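What follows is a single structure, written as structure tokens, with notes after it.
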């Protein structure tokens, strides 16, 4: 067989024989469009016989974070701490992470996000519908936790019963807060009020964590010997709240009590090696706590809760 030999003339002739669009394809082809950041919106893990799904109901950048965190420290101290953690001082990314727990007999939702559209969209991304929710637990009454419970169309979860802390409900009942009075107060007769140690359902226990609000609650999940804390807002940032638990936070209503609660809960999580879901931790919001000098260090989960 005579070997094929490509000459310059054959190459040019072959190219000329191609359709113009094919010949020019490499030159005419545009780059793929920029699509922007796209974080995951749902993360499901297993805890004994429970399924625990964290849902990203919203995220946004917030400028000037020292107007929120570290109110009682200098700009230099805040900048030094931020630089050591490789995070900027001029902007922070906020996350809003309701959690839904399937106990095998009930679907329990912890907090409802900023608005009905946000929570229903988050539920859909996780594979659920609002009518499937059996229990709605409100850890506290700040607007980013109660906003999705009801809207112009009425209640968002038509088949649910409601649970919250008794001290929290009583405290907000004495205010004229529009969100509470418009969305939560009308559900009072359907609301179960819990004290420290009260039970939401089998394996879900209320734990007082007052300070951020007057009756702020965390909730311990326990199934088949495994534990996880639904921690809500006892700590609001993975560095500025954990590494520096005594730093004052704008949204903590009783700042001294909130700092004492942070140290107590963080100490428990570190000592007992219990994972937690933080409502404002970087999504998917699950992590462990390690003691670190006078503070603590946030350790995001990897595959521990998948096993």
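Tally time: how many residues in segment 32-69 are within 13 Å of the chain's Cα centre (by Cα), at pLDDT 95 or above and not in a strand (DSSP E or B)? The number of residues fulfilling the criteria is 2.
Of all the criteria given as (1) closer than 28 Å to residue 257 by Cβ; (2) in contact with a helix residue (DSSP H, G or I) (Cβ under 8 Å, 6 or more places away or on another chain); (3) part of a loop (DSSP other than H, G, I, E, B), the one not satisfied by residue 197 is (2). Residues considered: 72, 159. Of these, the only one that is assigned to a loop (DSSP other than H, G, I, E, B) and free of Cβ contacts under 8 Å to residues at least 60 places away in the same chain is 159. Within segment 162-179, the residues that satisfy the criterion of being touching a helix residue (DSSP H, G or I) at 6+ places or on another chain (Cβ under 8 Å), over 13 Å from residue 216 (Cβ atoms) and part of a helix (DSSP H, G or I) are 173, 179.
Go over the candidates 242, 269 one by one and state the one that is touching a residue at least 24 places away in the same chain (Cβ under 8 Å), outside any loop (DSSP other than H, G, I, E, B) and farther than 17 Å from residue 214 by Cα. Result of the check over 242, 269: 269.
The requirement of being crowded, with 20+ Cβ neighbours inside 10 Å, touching a residue at least 12 places away in the same chain (Cβ under 8 Å), over 19 Å from the mean Cα position of the chain (by Cα) and within 13 Å of residue 68 (Cβ to Cβ) is fulfilled nowhere in segment 225-236; no residue meets it.
Filter segment 245-257 for residues that are within 20 Å of the chain's Cα centre (by Cα) and buried (at least 22 other Cβ atoms within 10 Å of the Cβ); which is farthest from residue 145 (Cα to Cα)?
245
Of all residues in segment 200-224, exactly one satisfies the criterion of being free of Cβ contacts under 8 Å to residues at least 60 places away in the same chain, touching a strand residue (DSSP E or B) at 6+ places or on another chain (Cβ under 7 Å) and assigned to a loop (DSSP other than H, G, I, E, B), namely 209. Scanning segment 138-156 for residues that are in contact with a helix residue (DSSP H, G or I) (Cβ under 6 Å, 6 or more places away or on another chain) and part of a helix (DSSP H, G or I) turns up 143, 146.
The values are calculated or read from the model by the stated rules, or taken from the named source; none is laboratory data. Model, not experiment: these values are computed from the prediction. In this analysis, Cβ positions are derived from the backbone assuming ideal geometry, glycine residues included, and neighbour counts consider all displayed protein chains.
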